[in-house]
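This report refers to the structure that appears directly beneath it.
The values are calculated or read from the model by the stated rules, or taken from the named source; none is laboratory data. Keep in mind that this is a model prediction, so the values were computed, not measured. Note: ideal-geometry Cβ built from the backbone for every residue, glycine included; neighbour counts use all protein chains shown.
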C-alpha cells in the first residue's frame, strides 16, 4: 500500500506514540496541516512559536516523552530559536518539524526562506534537511532516537513540495534497533577522607532516581545538587545537604570548597556552580560520570572521568575510609549557616509565601518558574518531590514558565500545576492565556509582584550603587482585569494572611486562577557569591575563608 508523503509524516509520528503536536500553521506546512485535519491527531494551537517549544519542553521534562513541534518556514522557525537554545541547555527531548520553501527556490532569497541549518547549528543536537520524500519515515525514526538518547532538540527541515500529496511512498515504518547495555557489579576504592557526591540535571530519570537513593544509602557519602538537579532525587534523604551555586546554600558552598574528593554525576560544572574556576574546590580530586563527552572537563579539569551510562556507575559498590569526622564538620557548617530570613508582618515576604505554598501543597504539585528572584526563592524555600521542579536553568529564559506549565498540564492531566512567576517574565508570554482558554487548561499562577525586574535591580544595588537603570516597570497592566477578560479567576493581595486563607481553598479547586501578590521591593536573594572568588566567599553572609588555614585537614 502506498500513502502520500504528508500522511507518512503523521503515520510516523503516531508510530512513536506522539500524543500532542504543539504548533502554529503557515504556508510551508499546509500540506501537513491538511493531513492533521484528516487524521484527528491532537494539535495544540499556540499564539507564538516560542511558546510551542517551551510547551513541548515542559511536556517532555515532566513525562519522559518526546515533545513535538510543527512550525512554518522563515519567521515561524526563527521565533523558535530561544526555545531551542533553552531546551538544548537543559537537555530536553524535543523534535521540531519545520517547513521550508520548495526545493528549486532554496538559496535564492525567496519569500520566507532562511538557512535554518546555519541559524541553529550550535543550539541543537542534530539537523536533518529532507532531500528526498522517500526518506521521511527514516528521518523521523532517527530523529526520535537521537532526541531520546542525546537529550536535546532535533530539527527536520521539510521543503513544501516534498510533503505534497502527489508523492506516494510505501507504508513501512523503519524502527531503529536499540542496543541494550549489560551491567555488572564491581567494587571501587575511595582513599579519601572528605568525599562528596554532586548531582546535576542528568540524574532526572525514573530508574536512576531509585538507584541514586540506594547508592547513597549504601556508600553513606553525603550528596549535594546543582540548581538543575533539584527534583531529581528524594529530598527527604538524610544524606542530602542542599544545592550549591551562585545563590545556593552557604553551607553547601563551604562543604564543596573543603572537600577532597568530588564525584560529579550528570552535571556540566558550569560557571554558576564553580564561580572562579582556578579557586574551585582547591583540595579535591574530581571524577566525572556522564554519558555526554562534551560535558567532561568543559570548565573544570577532572582527574578521572567515566564516559558511561549512569546506571552502570550506580550499580557499583563503594569501599571507602571512615568519614565520621567529615560528617561532624558538615553538621557544624549546617548549623552555622542555617537558612534565615527576618519575618515581616506589614509586607508580603516571598520566602514566607513559598513556605506557605509548600506547607499547604505538601510538595505534591508540579512547580514551574520563570527566571529571576522568584525562581531563586522557589528553589530555596520549596522542597521538591521527584521531577516536580521544571525551570530554565542553563539559558535562563524569561517567559519560559507559563507555556511550560501548559505543556506540563497536557502531560499530567490529573496533577496540580503551579507556576511561580514575576510580572516581568509573565508579560513575555501572557498571550498564551488565549491557548489556556481554548483548551480549558487548569493551572494556578502565583505572581510575586515587586513592580521591578528583581534580579536586575539587585545587581544594580550591589554593583552599580543603586543606579536603577531601566529595571523598574512603570506601566504594568491591571492583572486582575487582564485575567478576567479571558473569564478566568484572579485575585490581588498585599496581606499575607488573606493570601494564606485563599490559597488554602483554591488549591483544591479545579480552576484556572491567577494570584497577584505585591511583595516588598527591597527583598533580595541571599547569599550571593562574590564574582571571581572561591565558593566560600559571599555577600551578606559571614565567610570562613580567612579561617581556612586554621582547619586541621589531617584530622578531618
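List of remarks:
- In the range 270-296, residue nearest to the chain's Cα centre (by Cα) [restricted to those that are under 28 Å from residue 527 (Cβ atoms) and part of a loop (DSSP other than H, G, I, E, B)]: 270
- So residue 224, is it in contact with a helix residue (DSSP H, G or I) (Cβ under 9 Å, 6 or more places away or on another chain), surrounded by 22 or more Cβ atoms within 10 Å (Cβ to Cβ) and in a strand (DSSP E or B): yes
- Some residue of the range 100-108 being surrounded by 24 or more Cβ atoms within 10 Å (Cβ to Cβ), in the same structural domain as residue 135 (by TED's automatic domain parsing) and modelled with pLDDT of 90 or more: yes
Yes/no matrix, rows are residues, columns are (1) over 22 Å from the mean Cα position of the chain (by Cα); (2) under 26 Å from residue 371 (Cβ atoms); (3) in the same structural domain as residue 279 (by TED's automatic domain parsing):
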site	(1), (2), (3)
210	no, no, yes
216	yes, no, yes
222	yes, no, yes
233	no, yes, yes
243	no, yes, yes
246	no, yes, yes
249	no, yes, yes
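- Enumeration of residues in the range 194-212 that are farther than 18 Å from residue 253 by Cβ and buried (at least 19 other Cβ atoms within 10 Å of the Cβ): 201, 202, 203, 204, 208, 212
- Matching entry among 312, 283 (being at pLDDT below 75 and assigned by TED's automatic domain parsing to the domain that holds residue 261): 312
- Only listed residue being modelled with pLDDT of 90 or more and either surrounded by fewer than 19 Cβ atoms within 10 Å (Cβ to Cβ) or within 30 Å of residue 282 (Cα to Cα) (or both), chosen from 135, 179, 118: 118
- Qualifying strands (runs of 3 or more DSSP E) (wholly inside the range 39-154; at least 2 residues being more than 22 Å from residue 404 (Cβ to Cβ) and in contact (Cβ under 8 Å) with a residue 12 or more places away in the chain): 94-100, 126-129
- Output for the range 527-541, where each listed residue is modelled with pLDDT under 75 and surrounded by 11 or more Cβ atoms within 10 Å (Cβ to Cβ): 541
- Residue in the range 407-416 that is assigned to a loop (DSSP other than H, G, I, E, B) and crowded, with 24+ Cβ neighbours inside 10 Å present: no
- Residue that is modelled with the lowest pLDDT [pool: residues in the range 155-167 that are under 15 Å from residue 12 (Cβ atoms) and in a strand (DSSP E or B)]: 158
- Members of the range 254-290 found to be out of contact with any strand residue (DSSP E or B) (no Cβ under 7 Å at 6 or more places or on another chain) and closer than 11 Å to residue 226 by Cα, listed by number: 268, 269, 270, 272, 273, 274
- Among the residues of the range 240-260, those identified as more than 17 Å from residue 538 (Cα to Cα) and either modelled with pLDDT of 90 or more or surrounded by 24 or more Cβ atoms within 10 Å (Cβ to Cβ) (or both) are 240, 241, 259.
- Filtered residues of the range 464-514 (kept if within 28 Å of the chain's Cα centre (by Cα), in contact (Cβ under 8 Å) with a residue 60 or more places away in the chain and either outside the structural domain of residue 442 (by TED's automatic domain parsing) or assigned to a loop (DSSP other than H, G, I, E, B) (or both)): 507, 510, 511, 512
- The conditions of being in contact with a strand residue (DSSP E or B) (Cβ under 8 Å, 6 or more places away or on another chain) and modelled with pLDDT under 85 are not met by residue 221.
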